[in-house]
Amino acid sequence: MEKIEIKPADSSGLFNFRELWSYRELLYFLVWRNIKARYSQTAIGVLWVVIQPLMVMLIFSVLFGRLANLPSEGLPYTVFVFSGLLPWNLIANAVSGAGSSLIMNRNLVAKVYFPRIIIPLARVLEGLIDFGISCCILFCLILFYKIIPARTIVALPFFILWTIVLALGVGFWLSALNVRYKDVAHIMPFLSQIWFYVSPVAYTLNLVPEKARWLYSLNPMVGIIEGFRWSLFARGASLTIVFPASLIITAVIFITGLFYFYNSEKTFADII
Amino acid sequence: MANIAIKAEGIGKKYLINQVRRGPSNLRDHLSDSLRRALFYGISRKNPDSRIMHAVWALKDVSFEIERGSVVGIIGRNGAGKTTLLKILSRVIRPTSGSAEVYGRAGSLLEVGLGFHEELTGRENIYLNGAILGMKKREIDRKFDEIVSFSELEDFLETPIKYYSSGMYVRLAFAIAAHLQTEILFIDEILSVGDMRFQKKCISKIEEAGRERTVLFVSHNMSLVNALCSCALLLNGGRLEAIGDKESIIKKYIENTYKLIDTGLSSRTDRTGNGAMRFVKYHLENSKGQKVAAFRSGEDVSIVVEYAGALAKKLQNVSVSFVLNDFLGNIVTDLANRIAGDIWHEVPPKGIIKCRIKKLPLMPGKYTFNAFCQVNALVSDMIWSAGIFEVEPGPFFTSGRLPDSGFGPVLFENEWTVEGS
């Protein structure tokens with residue numbers, strides 16, 4: 001027979017993957033709820049997922065591509081910027097959406113038991129749907145411009161996985177912090193904005209002085225975005241320093257995020 | 001251990017309370033408040049807005065064992081720790097000290113319709129809420145038709161629940177809750193919402209399940225506890241006062257309530273509300289305005305309550321209600337100035353509220369009342385079992401007789417005729 005032990009918050013507990021697995025249906029229903037609710041009663045529904053990134057891409061193309069005339073590695077600027085926006089949107093969703101996810105589901109957290117990590121997890125997975133649709137748009141663009149993807153494209157799944165890991169790490173950190181410190185809600189928009197500008201979404205890594213690149217690569221989005229471009233088009237700056245630095249930082253964010261989340265989740269229901 | 005479902009050892013829960021004095025609600029109040037404070041208390045006095053952290057034990061040293069298959073009522077007055085205990089056992093919060101073991105799959109119903117999304121349809125919410133309560137999709141599939149027919153909402157399944165009336169909403173929520181069939185079930189005081197007929201349906205569902213499952217439920221209603229439970233657990237100020245046979249526990253609870261009422265309204269700490277208006281004391285009067293110790297059935301009587309506002313200014317949009325309960329906690333009626341048609345736009349900052357009842361239509365027995373008041377749509381004071389009165393046999397009927405006890409708490413005036421046909 002199943003036996004549940006209830007112990008004080010200061011007692012140690014390990015990450016219980018088996019339990020998380022047994023709650024996979026709840027995870028599914030929460031993702032499904034968010035998506036359903038997001039597009040119900042909108043006139044064009046799911047089309048928004050297509051229109052939003054296209055609009056952003058157009059604005060950037062005009063601003064940075066035409067007016068500022070930023071270099072784009074010999075690619076059409078629209079394709080260039082879209083390949084950067086693809087992973088960026090996933091992260092931006094993790095910052096704003098996953099970051100506030102626990103607070104948004106305050107009632108659930110305070111009234112019923114389930115592994116709390118499901119909530120930011122569901123929010124990140126929700127972003128994956130948009131990501132998938134954006135991928136389709138990118139391939140349409142590639143076809144439209146008659147670009148032949150590089151052979152390195154086989155590495156793309158690795159970079160997608162990398163992005164997800166980073167998104168989860170950021171989501172764990174921010175959502176857990178947000179329960180304790182309401183200030184986080186005010187910081188998130190800034191963080192998102194600043195992070196965007198220090199990431200090579202609209203410009204190329206080649207614009208960054210070579211000596212400063214290792215420092216710049218401590219922003220894990222540098223490795224991810226450059227990785228996306230490299231695997232899709234085999235273009236961009238040399239990545240020998242960029243990848244290790246960004247990868248290590250991603251791992252640090254993910255692992256510490258997971259630990260921080262598990263340490264603070266015991267008191268979520270008390271303070272949320 | 002095969003026969004034990006729940007075992008708790010020395011469970012304690014400490015909260016650090018951030019005591020923030022409720023500030024004035026608008027700028028004008030704020031300015032006048034600061035001025036008053038400066039004048040009366042002097043500038044040097046410590047700012048009363050400052051935060052003081054202090055520890056409160058919501059539960060302390062609670063140990064018990066519950067046998068498999070028993071239905072246990074958790075009783076105690078407000079703030080006794082009932083919900084805290086339920087939350088700890090259902091793993092929503094962790095205890096500060098002690099430990100517990102729960103044997104078997106457990107589910108909890110701390111709120112009905114948890115996680116309902118108003119944009120989703122009834123059908124979708126059944127799946128969502130079911131999953132949140134811990135049901136598997138296959139289990140929901142299997143019980144779906146049963147849940148739908150239980151809720152009596154067959155025609156509204158594809159309607160987003162934001163178009164539901166509150167009654168429909170509650171029915172859907174309860175229908176799902178009633179089909180949560182875990183081996184152990186924790187239920188907070190949620191049965192108090194919903195219409196009577198539907199409540200009965202849910203209760204019988206619990207009863208039916210109780211034979212093979214262990215159920216712990218919180219209730220203020222002693223007759224419900226009496227009807228449903230095999231035993232009861234009484235909490236008082238965070239401590240386990242007694243556990244065991246329901247009759248003796250209920251008796252103890254009622255005695256505690258009477259003792260509590262004896263302490264007087266002004267010293268009661270088990271109250272909620274913002275304090276803009278507070279009940280200070282109460283007494284009972286007969287039709288001549290004399291203080292009495294007990295009422296008599298059929299007399300004109302009054303419940304007289306003294307109140308005081310927090311500030312020396314008039315109170316606006318005041319509504320007061322006294323909810324009468326019989327000695328088991330069954331609600332008899334709600335006496336409220338608004339319902340009676342006496343609207344108070346403005347009342348003096350201090351005064352006496354008198355609620356007159358003409359020809360008291362109550363059977364002899366003990367009754368308590370909860371006192372509740374609202375100022376400007378905000379709850380200002382709410383006290384469960386604020387007062388008590390005894391009703392003695394009296395001249396309700398000209399015959400001088402009354403029905404035998406056991407035929408309900410209320411009396412009706414009635415006239416009889418008979419004609420040949």
| task | Pop a pseudo-label 7 angstrom from the Cα along the beta-carbon direction at both B:Ile352 and A:Ile241 and give the gap in nm to one decimal. | result | 8.8
| field | Chain lengthening between A:Ala185 and A:Ala68 when straightened (0.36 nm per residue, less Cα-Cα) | value | 38.8 nm
| request: Please report how far the C-alpha centroid of segment A:1-80 lies from that of segment A:83-156, rounded to the nearest whole angstrom. | output: 3
| query | For segment B:275-290, in order, what is each residue's ³J(HN,Hα) by Karplus, 6.51 cos²θ - 1.76 cosθ + 1.60 with θ = phi - 60°, in whole Hz (x at glycine and Pro)? | reply | x, 4, 9, 10, 7, 10, 7, 9, 8, 10, 10, 8, 5, 8, x, 8
| note | Dipole check, chain B, charges on Cβ (K,R +1; D,E -1), about Cα centroid: among B:Pro409, B:Ile187, B:His283 the Cα furthest to the positive pole belongs to B:His283
| note | Each residue of A:109-116 has, on average, a number of other protein chain C-beta atoms within 10 Å of its C-beta equal to 6
| note | The long-range amide H neighbours of B:His117, using H built 1.01 Å from N in the peptide plane and a cut-off of under 5 Å, are none
| query | Want the number for B:Glu255 to B:Ser421: 0.36 nm per residue separation, take away the alpha-carbon distance, what's left? | reply | 54.3 nm
| message | If packing is taken as the average count of other Cβ atoms within 10 Å, what order do B:124-137, A:122-135 fall into, highest mean first? | response | B:124-137, A:122-135
| message | Could you derive backbone 3J(HN,Hα) for segment B:252-264 from the dihedral phi with the Karplus parameters 6.51, -1.76 and 1.60 (θ = phi - 60°), listing whole Hz in sequence and x where the residue is Gly or Pro? | response | 4, 4, 5, 4, 4, 4, 5, 5, 5, 4, 4, 5, x
| said: What does the structure give for A:16-29 when I average, per residue, the other chain Cβ atoms found within 10 Å of the residue Cβ? | reply: 3
| task | Please figure out what share of the DSSP beta bridges in the protein assembly as shown is antiparallel and state it in percent, rounded to the nearest 5. | result | 80
| task | Could you tell me which of the pairs B:Lys14/B:Lys251; B:Lys13/B:Lys251; B:Lys259/B:Lys281; B:Lys14/B:Lys87; A:Lys111/B:Lys60; B:Lys82/B:Lys246 are separated by over 19 angstrom between their Cα atoms in the structure shown? | result | B:Lys14/B:Lys251; B:Lys13/B:Lys251; A:Lys111/B:Lys60
| Which one of B:Pro160, A:Tyr145, B:Asn236 is farthest out on the positive end of the charge dipole of the protein assembly as shown, using unit charges on Cβ (Lys, Arg +1; Asp, Glu -1) and the Cα centre as origin? | A:Tyr145
| said: With N set to the number of residues, divide the alpha-carbon radius of gyration of segment B:267-392 by 2.2 N^0.38 Å and report two decimals. | reply: 1.03
| query | Dividing the alpha-carbon radius of gyration of segment A:96-184 by 2.2 N^0.38 Å (N being the number of residues), what value is obtained? | reply | 1.42
| request: Would you mind telling me the antiparallel percentage of the DSSP bridges in chain B, rounded to 5? | output: 80
| So, with +1 on the Cβ of K and R and -1 on the Cβ of D and E, and no other charges, what is the size of the charge dipole of chain B about its Cα centre, to the nearest 20 debye? | 1980
| Once amide H atoms are built 1.01 Å from N in the peptide plane, which residues 5 or more positions from B:Thr96, or in another chain, come under 5 Å H to H? | B:Gly12, B:Lys13, B:Lys14
| task | Would you please give the FRET efficiency between B:Lys281 and B:Lys314, computed as 1/(1 + (r/R0)^6) with r the Cβ-Cβ distance and R0 = 25 Å, to the nearest 0.05? | result | 0.70
| query | For segment B:57-259, what is the convex hull (Cα atoms) projected area averaged across all directions, in square nanometres? | reply | 11.5
| task | Rank the residues B:Lys259, B:Lys82, B:Lys350, A:Lys7 as a footprinting-exposure proxy: fewest other Cβ atoms within 10 Å of their Cβ go first. | result | B:Lys259, B:Lys350, A:Lys7, B:Lys82
| message | Sort B:154-163, A:100-109 by packing, meaning the average of other beta carbons within 10 Å per residue, with the highest value first. | response | A:100-109, B:154-163
| said: Using only alpha-carbon positions, what ratio does the radius of gyration of the protein assembly as shown give when scaled by 2.2 N^0.38 Å? | reply: 1.20
| said: Of A:Leu90, A:Ile103, A:Ala37, which is farthest towards the positive pole of segment A:30-271's charge dipole, taken about the Cα centre with +1 and -1 on the beta-carbons of Lys, Arg and Asp, Glu respectively? | reply: A:Ala37
| message | With +1 assigned to the C-beta of every Lys and Arg and -1 to the C-beta of every Asp and Glu, and no other charges, what is the dipole magnitude of segment B:57-259 about the Cα centre in debye, to the nearest 20? | response | 540
| remark: Expressed to one decimal in nm², the mean projection of the alpha carbon convex hull of segment B:325-384 is 5.2
| task | Work out the length of the dipole vector of the protein assembly as shown about its Cα centre, built from +1 on the beta-carbon of each Lys and Arg and -1 on the beta-carbon of each Asp and Glu, and round it to the nearest 20 debye. | result | 2000
| query | For the residue pair A:Leu20 and B:Phe397, what label-to-label distance in nm results when each label sits 7 Å from Cα along the Cα-to-beta-carbon direction? | reply | 7.1
| request: Normalise the Debye intensity by I(0) for segment A:139-201, one equal point scatterer per Cα, no solvent, then take log10 at q = 0.16 Å⁻¹ and round to two decimals. | output: -0.76
| How far apart, in nm, are two points set 7 Å out from the Cα along the Cα-to-Cβ line at B:Asp61 and at A:Tyr197? | 6.1
| said: Can you give the FRET efficiency to the nearest 0.05 for A:Cys135 and A:Ala234, using r as the Cβ-Cβ distance and R₀ = 22 Å? | reply: 0.75
| Equivalent ellipsoid, chain B (semi-axes from 5 times Cα gyration tensor eigenvalues, Å) | 38, 32, 24
| request: Tell me the Kirkwood hydrodynamic radius of segment B:131-170 in angstroms, computed as one over the mean inverse distance between distinct C-alpha pairs. | output: 11.3
| So what is the calculated 222 nm ellipticity per residue for chain A, using -39500 (n - 2.57) for each DSSP H run with n of 4 or more, over all residues, to the nearest 500 deg cm²/dmol? | -20500 deg cm²/dmol
| request: On a 0 to 90° scale, report how tilted helix A:156-180 is relative to the longest principal axis of chain A, with both axes built from alpha carbons and the result rounded to the nearest 10. | output: 50
| Surrounding net charge for B:Leu157, when Lys and Arg each add one and Asp and Glu each subtract one, Cβ distance under 13 Å | -4
| field | Amide H within-cut-off set for B:Ser219, under 5 Å, with H built and near neighbours excluded | value | B:Ile74
| query | Under Stokes-Einstein, with the Kirkwood radius over Cα pairs standing in for Rh, what whole-number D in µm²/s applies to chain A at 25 °C and 0.890 mPa s? | reply | 123
| request: Could you work out how far the C-alpha centroid of segment A:239-258 sits from that of segment B:169-183, in angstrom? | output: 46
| remark: Distance in Å, no decimals, from the C-alpha centre of segment A:158-182 to the one of segment B:323-357 is 53
| segment A:1-111 pair-distance distribution - Cα-Cα, 10 Å bins, rounded % | 10, 25, 27, 18, 13, 5, 1
| message | Please list, by residue number, everything in segment B:329-354 whose backbone N is under 20 Å from a paramagnetic label point 7 Å out along Cα→Cβ of B:Lys366. | response | B:329-333
| field | Expected 222 nm ellipticity per residue - DSSP helices of 4 or more, -39500 (n - 2.57), all of chain B, to 500 | value | -8000 deg cm²/dmol
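Computed from the coordinates by the stated procedures, all read-outs in this text should not be read as laboratory data. As the structure is a prediction and not an experimental result, all values here were calculated from the model. Positions of Cβ are backbone-derived with ideal geometry, glycine not excepted, and every protein chain shown enters the neighbour counts.
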